[in-house]
Amino acid sequence: MVDEKKNSAIFTLPELPFADDALEPVISAKTLSFHHGKHHKAYVDNLNKLIEGTDLAGKSLEDIIKATAGKQDKAGIFNNAAQVWNHTFYWNSLKKDGGGEPPAELKKKIDGAFGSFDNFKKEFANAAVTQFGSGWAWLVTDGTALRIVKTGNAEVPFTDTGLKPLLTIDVWEHAYYLDFQNRRPDYANAVIDKLLNWDFALKNLG
Ligand code: MN3
């Protein structure tokens, strides 16, 4: 969508890639309505306000994230831009009737990196549970091997490391509190077992 007056791209909230109730019972329609309709939307709206009239207006989301990462005076822009990116990536990391075993090509890489698929699941859940406070757990590739990393708050794994995200789990409380209250481990394990979108991960592996 283009704002003709300024001829700069305005970010819009992407539609969810599934129906509001598609992820039930793990993630309720109520959680999705707040998480997508309020939280994700607020990051989009804030970002648009913050970049309006600046030299970042018109740049891609990835370029804005890279241009503001680690810059104290640009923290507001970075946080909102990264959260827009993270949430869009998170929705795509999930699907109705997801989880289960990954496609063969990924399974082989997972076995190589983590010993077994069961061990991968344990390590991914552990990253989600041990991220202190708000943040994200990620399955990434460093170009050759798969790795699990976690990031705090709005941080993304690709700004300074060159890591390429394949999947993510949002571990901010707003992602699970209505459905699981303080039981983050139950949320993480349910997402991994029932919702992970392995087709999306395979596509990201490239
Ligand atoms: Mn969130």
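Helix 184-194: angle to the longest alpha-carbon principal axis of the chain, degrees 0 to 90, nearest 10?
It is inclined by approximately 80 degrees.
Starting at the first residue of segment 122-133, write each ³J(HN,Hα) from the Karplus equation 6.51 cos²θ - 1.76 cosθ + 1.60 with θ = phi - 60°, in whole Hz, x for Gly and Pro.
With coefficients 6.51, -1.76 and 1.60, one gets 4, 5, 5, 4, 5, 5, 5, 6, 8, 5, 6, x Hz.
Around His36, with a cut-off of 10 angstrom between Cβ atoms, what is the net charge of the other residues, counting Lys and Arg +1 and Asp and Glu -1?
Surrounding charge for His36 is 0.
When the Kirkwood hydrodynamic radius is evaluated over all pairs of different C-alpha atoms of the chain, what value in angstrom, to one decimal, is obtained?
17.6
Mean residue ellipticity at 222 nm from the helices of the chain, using -39,500 (n - 2.57) per DSSP H segment of n ≥ 4 over the full residue count, to the nearest 500 deg cm²/dmol? Provide the component values of the computation, followed by the final result.
Details: 9 runs with 92 residues, N = 206.
Theoretical 222 nm ellipticity from helices: -13000 deg cm²/dmol.
What aspartates and glutamates could a cross-link reach from Lys41, if we take a straight Cα to Cα line under 13 Å and drop same-chain neighbours fewer than 8 places away?
Glu15
As an exercise, identify the GluC sites (Glu not before Pro) in segment 1-100 lying in DSSP coil whose Cβ has no more than 11 other Cβ atoms within 10 Å.
Glu4, Glu15
Express the relative contact order of the chain as a whole percentage, based on alpha carbon pairs under 8 Å and six or more residues apart in sequence.
Reported as a whole number, the value is 23 percent.
Holding the Cα-Cα limit at 25 Å, pick out from Lys49/Lys74; Lys66/Lys194; Lys38/Lys122; Lys59/Lys121; Lys71/Lys150 the pairs that are longer than that.
Lys66/Lys194; Lys38/Lys122; Lys59/Lys121
Using a Förster distance of 41 angstrom, determine the FRET efficiency expected from the C-beta separation of Ala42 and Lys122, and round it to 0.05.
Computed FRET efficiency for Ala42 and Lys122 comes out at 0.75.
Which aspartates and glutamates, on any chain, are close to Lys109 with Cα under 13 Å apart, when same-chain ones fewer than 8 places away are left out?
Within the straight-line limit of under 13 Å, Lys109 reaches these aspartates and glutamates: Glu101, Asp142.
Can you list residues whose amide H is under 5 Å from Leu94's amide H, if they're 5+ apart or on another chain and H is modeled 1.01 Å from N?
Asn197
Every number in this text was worked out from the coordinates using simple rules, so none of it is lab data. These numbers were taken from a predicted model, which means no experiment stands behind them. When we count neighbours, we look across all protein chains shown, and the Cβ atoms used for this are built from the backbone with ideal geometry, even at glycine.
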